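Here the structure is laid out as structure tokens; the discussion comes afterwards.
Derivation of every value follows stated rules applied to the coordinates shown; laboratory data play no part. Here the structure is a predicted model, which means the values were calculated and not measured. Because the Cβ atoms are built from the backbone with ideal geometry, glycine has one as well, and the counts that use them run over all protein chains shown.
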Amino acid sequence: MTTALSDLATAVRGIRSLRNRTMLGIVGTPGAGKTTFAQVLVAALGDTAVNVPMDGFHLADVTLDALGLRARKGAPETFDSHGYARLLTLLAERPDHSVYAPGFERDIEQPIAAALTIEPHSDIVVTEGNYLLLDGWEDVRESLDEIWVVHEDDALRRERLIARHVRFGKTPDAAREWVANVDDLNARLIEETAHRADRVIDLAELS
């Protein structure tokens with residue numbers, strides 16, 4: 001059954017939030033298209049919505065090197081989940097001032113401080129990331145009214161990931177190895193928690 005983007009936007013507006021603004025989480029496996037979906041959804045919602053990705057809470061490479069985690073970049077332990085949770089708590093409270101959040105620059109594969117601005121007039125915050133439903137991330141979920149999972153064909157998802165890794169500097173062989181040994185392991189973790197979501201969206205059926 002085809003799902004209309006306009007219907008999903010209506011569903012977001014209909015979420016009954018106990019907070020000062022609606023907080024929606026979007027989860028998906030690496031390469032599933034959750035970032036694009038979140039951006040399109042926010043555009044459909046209009047000026048009252050803002051996208052705040054989890055990617056800004058990647059640990060910087062210098063920190064990953066110090067922790068011996070560079071080869072696992074993208075795994076749950078390579079994010080500042082507590083800092084992310086604190087940001088979501090603040091956004092849910094809807095302070096009467098601008099809030100600055102970190103972004104992520106793909107060209108250098110590094111987080112960028114204060115790259116995003118969330119203004120007080122924003123009624124809806126959409127945040128997307130891999131691990132919102134994972135055990136140990138309960139403090140993240142506490143600030144979210146609903147969490148939706150997006151699904152995409154696995155073969156297409158892997159093709160996208162390989163192309164992305166090549167685009168940002170890996171050889172094709174290194175990209176395929178990274179997808180098999182890192183991205184797919186993370187994908188299995190995410191898939192195991194998908195049953196906890198409030199809504200499941202098949203991106204192949206989105207119109």
Amide hydrogen neighbours beyond the local backbone of Leu59, cut-off 5 Å, H modeled: Phe79, Asp80
Among Gly83, Gly74, Gly28: highest mean-square fluctuation, GNM of the chain, C-alpha pairs under 10 Å: Gly83
Between the range 137-157 and the range 43-94, the alpha-carbon center distance in angstrom: 14 Å
Derived scalar couplings ³J(HN,Hα) [the range 16-33; Karplus, 6.51 cos²θ - 1.76 cosθ + 1.60; whole Hz; x for Gly, Pro]: 8, 8, 8, 9, 7, 8, 6, 10, 10, x, 10, 10, x, 5, x, x, 6, x
For the chain: rounded, prolate or oblate by the Cα gyration tensor [a/c cutoff 1.5]: oblate
Derived scalar couplings ³J(HN,Hα) [the range 66-75; Karplus, 6.51 cos²θ - 1.76 cosθ + 1.60; whole Hz; x for Gly, Pro]: 5, 8, x, 10, 4, 6, 10, 3, x, 6
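Please give the contour-minus-distance gain from Glu77 to Asp47: 0.36 nm per residue of separation, less the Cα-Cα distance, rounded to one decimal in nm.
Extra length from Glu77 to Asp47 when fully extended: 7.4 nm.
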Counted charge near Gly56, where neighbours are those whose Cβ lies closer than 10 Å (Asp, Glu -1; Lys, Arg +1): -3
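Within the chain, what's the longest run with no trypsin sites (Lys or Arg not before Pro) in a DSSP loop and at most 12 other beta-carbon atoms within 10 Å? Give the range, please. Let's see the in-between values first.
Numbers: sites that count: Arg16, Arg106.
In short, 107-207.
Given a Förster distance of 30 Å, report the FRET efficiency between His195 and Ser98 from their Cβ-Cβ distance, rounded to the nearest 0.05.
On the way: r = 37 Å, r/R0 = 1.24.
Step by step, r from the Cβ atoms, then E = 0.20.
DSSP beta bridges in the range 1-134, what fraction antiparallel, as a percent rounded to 5? Walk me through the numbers before you get to the answer.
Details: 7 of 16 bridges.
Of all bridge pairs located within the range 1-134, approximately 45 percent are antiparallel.
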Selection from Asn51, Gly169, Thr127 lying farthest towards where the dipole of the range 5-205 points positive, charges on Cβ: Gly169
Surrounding net charge for Ala32, when Lys and Arg each add one and Asp and Glu each subtract one, Cβ distance under 11 Å: -3
